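Everything on this sheet refers to the single structure shown next.
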Amino acid sequence: MSALEIAQQVRSGQRQAVDVLEEHLARIAASDDEIHAFNLVIADAARETAARVDETVASGEDPGPLAGVPVALKDNMCTRGIATTCSSKILEGWEPPYDATVVSRLRNAGAVAVGKTNLDEFAMGSSTENSAFGPTRNPLDHSRVPGGSSGGSAAAVAAGFATLALGSDTGGSIRQPAAFCGVVGMKPTYGAVSRYGLIAFGSSLDQIGPFSRTVAESAAVLEVIGGHDSRDSTSIDRPTFDLQGVLDRGVQGMRIGILTELSGGSGGVEGINSDVIARTQAAAAALEAAGASIHEVSVPSSTLGLSAYYLVAPAEASSNLSRYDGVRYGLRVDAATTGEMNAATRTAGFGAEVKRRIMLGTYALSAGYYDAFYGKALKVRTLMLQEFAEVYADVDLLLTPTAPTTAFALGERTADPMTMYVNDVCTIPSNLTGHPAISVPFGVGDDGLPVGVQILGPALSEPSIYQAAAVLESAAGEGSAL
Amino acid sequence: MSERITRDEVVHVARLARLTLTDAEIDEFTGQLGDILEHAADVEALDVGDIAPTSHPLPLTNVFRADERRESLDREEVLAQAPAAENGQYRVPPVLGESQ
């Protein structure tokens, strides 16, 4: 049952939020030992929240647009008094003294938080295998990864543990796991959703967004969590989007570009599987059948995105993660002096991938290398913004695959960091530019696993993106995706 | 193994980042960071002379809020999360130890 149906039934008193919750808790109890979508299930707190929602309905008041809807939260979002780990030993046992803005907005809309989901440590990874608490499995095939870094959130929705989930996306960490698990994943415009209480990874790239089974639910969540927040100085000061109201408007007359460099075109990035390219072309055909015109467009700098990202994101991470020093919260490994304690704590608390990125970022920012690497990478961001602006003068939206492949096997890519990083090649440009992008399931690949296609648009083009996503969802449902 | 970054540079960067690496980790990171920097050679080689850098996707400058008194976090609740606290403050080992 969709979030919209649950909310409608709970608000009208047809169903109790506590009953909806128990169904989901039963599914979690039955199979999360195997899937490991959650780091923590907060059954008792969820029961209290659901009971309050029911009391609100009984007293004749409206609990809100997501009344009684079970939601899962990526474990890098602060929840007051509830352990928040980032899947890292360095934060194990820490209970934040405040709620993230998205957490309070969901609660105020009547949603019921059921737990904190697993991720690659500090959201650094593309498979959820970098978690200090063990990997998450893909609910569709337990031998495969769910993608990452928000793999637990994607798996929780795909497995029916929660109706909705929130993730964070720094280089594709919502969209790629959504594609691997066959659900919808949205990265909004940078600044459209408050980052207050989201534990920082790459502050100029990080953005929170929803996972859901359908496009309409995704739109409903973004309407709830979006909008200005004075506690995030990068929050865009504008009214929230009307997204649910535009879902049925279609794409008649829209101009949509296939971004050739990221869709298997010559001179573009290599390694995108032919079945994934075929699904992307089928998506273009479906949009054309619905009245859009399709154009091949080129953004040459998009091929530089991966390199630029793996300089910018680690640089910001090395700075952000300097706060884990054993002084104020989380792990402390005692030593004779504060300096030795800082190093002993960080050495014991961080996993290998986090150390690798801190090292890379520290190097890219260090004297003598700053201009050659970090400075150049920032200029690539400008170049990409210019080239995307030129393209968006001609087309409304762009289409690419979400990821180069379908879900790969657990352990397949852990030996060599670069083979993991290339997963993000199609999703990274939107983080570097701050533009919104959505991944929508569109059929399956040769291995029978879901393929996601990505719709990109300029800043604040969320309504158009959702219009196109709704068209693709409907075409996929009618079998055009098969 | 790539020669983009030396073993000594890895040791130096680890010290800057307050990480203590084993010999095996130093060897592993020297190779892996070299591979990643090799991949970044396309960015390094780019001629982007007069392009201005973008450090942030939004054209924001200073952001102000109304100068109103607001409640801050509860000190007891915050200090309860510290590894060690005393007299309303964080407690740490000596900053200048014998090794200094």
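The values are calculated or read from the model by the stated rules, or taken from the named source; none is laboratory data. Note that the structure is predicted; figures quoted are calculated from it, not measured. Glycine also receives a Cβ, built like all others from the backbone with ideal geometry; neighbour counts cover every protein chain displayed.
Please go through region B:59-78 and give me each residue that is within 9 Å of chain A (Cβ to nearest Cβ) and either in contact with a His (Cβ under 6 Å, 6 or more places away or on another chain) or farther than 30 Å from A:Gly434 by Cα (or both), ordered by number.
Within region B:59-78, B:Leu73, B:Asp74, B:Glu77, B:Val78 meet the criteria.
Which residues, taken from region A:392-407, are out of contact with any Cys (no Cβ under 9 Å at 6 or more places or on another chain), closer than 17 Å to A:Val453 by Cα and in a loop (DSSP other than H, G, I, E, B)?
From region A:392-407, those out of contact with any Cys (no Cβ under 9 Å at 6 or more places or on another chain) are A:392-399, A:405-406; that's our starting set.
Right, trim to closer than 17 Å to A:Val453 by Cα and you get A:396-399, A:405-406.
Listed by number, the residues that qualify are A:Asp396, A:Thr405, A:Thr406.
Could you list all residues from region B:62-82 that are small (Gly, Ala, Ser) and either modelled with pLDDT of 90 or more or not in a loop (DSSP other than H, G, I, E, B) (or both)?
Looking only at region B:62-82, we keep the residues that are small (Gly, Ala, Ser), and these are B:66, B:72, B:80, B:82.
Residues satisfying the conditions are B:Ser72, B:Ala80, B:Ala82.
Give the residues of region A:417-431 that are closer than 12 Å to A:Ser149 by Cβ and either buried (at least 24 other Cβ atoms within 10 Å of the Cβ) or among the small types (Gly, Ala, Ser) (or both), sorted by residue number. Reasoning before the result, please.
Step one: list which residues in region A:417-431 are closer than 12 Å to A:Ser149 by Cβ, which gives A:420, A:423-424, A:427.
A:Asn423, A:Asp424, A:Thr427, listed by residue number.
Quickly run through region A:95-154 and pick out the residues that are surrounded by fewer than 24 Cβ atoms within 10 Å (Cβ to Cβ) and within 18 Å of A:Met186 (Cα to Cα).
A:Arg105
Give the residue that is nearest to A:Asp416 (Cα to Cα), with candidates limited to residues of region B:38-51 that are more than 24 Å from the chain's Cα centre (by Cα) and facing chain A (nearest Cβ under 7 Å).
The first filter runs over region B:38-51 and keeps only residues more than 24 Å from the chain's Cα centre (by Cα), leaving B:42, B:45-51.
Then drop every residue that is not facing chain A (nearest Cβ under 7 Å), which leaves B:42, B:46, B:48, B:51.
Numbers: B:Asp42: 20, B:Leu46: 26, B:Val48: 30, B:Ile51: 33 Å.
Per the stated criteria, the residue is B:Asp42.
Testing A:Val440 on (1) more than 9 Å from chain B (Cβ to nearest Cβ); (2) hydrophobic (A, V, I, L, M, F, W, C); (3) assigned to a helix (DSSP H, G or I); (4) in contact with a helix residue (DSSP H, G or I) (Cβ under 9 Å, 6 or more places away or on another chain), one condition comes back false. Which one is that?
(3)
Do you know which of the residues in region A:174-208 that are in a loop (DSSP other than H, G, I, E, B), out of contact with any Gly (no Cβ under 6 Å at 6 or more places or on another chain) and aliphatic (A, V, I, L, M) is surrounded by the fewest Cβ atoms within 10 Å (Cβ to Cβ)? Quick ask: steps written out before the conclusion?
Applying the first criterion (in a loop (DSSP other than H, G, I, E, B)) to region A:174-208 yields A:174, A:182-183, A:188-192, A:194-197, A:199-206.
From what is left, the residues that are out of contact with any Gly (no Cβ under 6 Å at 6 or more places or on another chain) are A:182-183, A:189, A:191, A:194-197, A:199-206.
After this cut, where a residue has to be aliphatic (A, V, I, L, M) as well, the list is A:183, A:199-200, A:205.
On the way: A:Val183: 29, A:Ile199: 24, A:Ala200: 18, A:Leu205: 26.
So, considering only residues that are in a loop (DSSP other than H, G, I, E, B), out of contact with any Gly (no Cβ under 6 Å at 6 or more places or on another chain) and aliphatic (A, V, I, L, M), the one surrounded by the fewest Cβ atoms within 10 Å (Cβ to Cβ) is A:Ala200.
Please find, among A:Ala154, A:Ala165, A:Ala132, the residue that is of a type in the set (A, V, I, L, M, F, W, C) and under 22 Å from A:Asp447 (Cα atoms). Step through it out loud before you land on a result.
Numbers: A:Ala165 fails: under 22 Å from A:Asp447 (Cα atoms); A:Ala132 fails: under 22 Å from A:Asp447 (Cα atoms).
Of the residues listed, the single one that is of a type in the set (A, V, I, L, M, F, W, C) and under 22 Å from A:Asp447 (Cα atoms) is A:Ala154.
Residues being of a type in the set (A, V, I, L, M), touching a residue at least 60 places away in the same chain (Cβ under 8 Å) and over 18 Å from A:Ala113 (Cβ atoms): count how many of those fall in region A:27-43.
Selection size over region A:27-43: 1.
Can you pull out the residues in region B:14-33 that are closer than 14 Å to A:Pro417 by Cβ and within 17 Å of the chain's Cα centre (by Cα)?
B:Phe29, B:Leu33
Given the conditions (1) away from chain B (no Cβ under 14 Å); (2) surrounded by fewer than 21 Cβ atoms within 10 Å (Cβ to Cβ); (3) touching a Phe, Trp or Tyr at 6+ places or on another chain (Cβ under 9 Å), report the number of the one that A:Ala403 does not fulfil.
Unmet for A:Ala403, out of (1) away from chain B (no Cβ under 14 Å); (2) surrounded by fewer than 21 Cβ atoms within 10 Å (Cβ to Cβ); (3) touching a Phe, Trp or Tyr at 6+ places or on another chain (Cβ under 9 Å): (2).
Of the conditions (1) polar (S, T, N, Q); (2) touching a residue at least 60 places away in the same chain (Cβ under 8 Å); (3) closer than 22 Å to A:Gly68 by Cβ, A:Asn118 fails just one. Which one is it?
For A:Asn118, the exception is condition (3).
Restricting the search to region B:17-32, which residues are facing another protein chain (nearest Cβ under 9 Å), over 14 Å from A:Val354 (Cβ atoms) and not hydroxyl-bearing (Ser, Thr, Tyr)? Can you show your working first?
Filtering region B:17-32 for residues facing another protein chain (nearest Cβ under 9 Å) gives B:17-21, B:25, B:28-29, B:32.
Now restrict to residues that are over 14 Å from A:Val354 (Cβ atoms): B:20, B:28.
Passing the criteria: only B:Glu28.
Restricting the search to region B:49-100, which residues are of a type in the set (S, T, N, Q), exposed (fewer than 10 other Cβ atoms within 10 Å of the Cβ) and under 30 Å from A:Pro458 (Cβ atoms)? Break it down stepwise before answering.
Initially, region B:49-100 is screened for residues of a type in the set (S, T, N, Q), giving B:54-55, B:61-62, B:72, B:81, B:87, B:89, B:99-100.
Still in the running and exposed (fewer than 10 other Cβ atoms within 10 Å of the Cβ): B:61-62, B:72, B:87, B:99-100.
Within region B:49-100, B:Thr61, B:Asn62 qualify.
Between A:Thr433, A:Thr414, which is polar (S, T, N, Q) and closer than 22 Å to A:Leu205 by Cβ? Talk me through it step by step, then tell me what you get.
Numbers: A:Thr414 fails: closer than 22 Å to A:Leu205 by Cβ.
Result: A:Thr433 is the single residue among A:Thr433, A:Thr414 that is polar (S, T, N, Q) and closer than 22 Å to A:Leu205 by Cβ.
Limited to region A:62-114, what total is found for residues that are away from chain B (no Cβ under 13 Å) and outside any loop (DSSP other than H, G, I, E, B)?
Qualifying residue count for the region: 19.
I'd like the residue in region A:316-332 that is in contact (Cβ under 8 Å) with a residue 12 or more places away in the chain and more than 10 Å from chain B (Cβ to nearest Cβ) and, out of all such residues, is surrounded by the fewest Cβ atoms within 10 Å (Cβ to Cβ).
A:Ser319
Are any residues in region A:345-378 of a type in the set (A, V, I, L, M), more than 7 Å from chain B (Cβ to nearest Cβ) and either buried (at least 19 other Cβ atoms within 10 Å of the Cβ) or part of a helix (DSSP H, G or I) (or both), and if so, which ones? If you could, list the steps in order and put the result at the bottom.
Let us first name the residues in region A:345-378 that are of a type in the set (A, V, I, L, M), namely A:348, A:352, A:354, A:358-360, A:364-365, A:367, A:372, A:377-378.
Narrowing the set further to residues that are more than 7 Å from chain B (Cβ to nearest Cβ) leaves A:348, A:352, A:354, A:364-365, A:367.
Once the filter is applied, which keeps residues that are of a type in the set (A, V, I, L, M), more than 7 Å from chain B (Cβ to nearest Cβ) and either buried (at least 19 other Cβ atoms within 10 Å of the Cβ) or part of a helix (DSSP H, G or I) (or both), region A:345-378 yields A:Ala348, A:Ala352, A:Val354, A:Ala364, A:Leu365.
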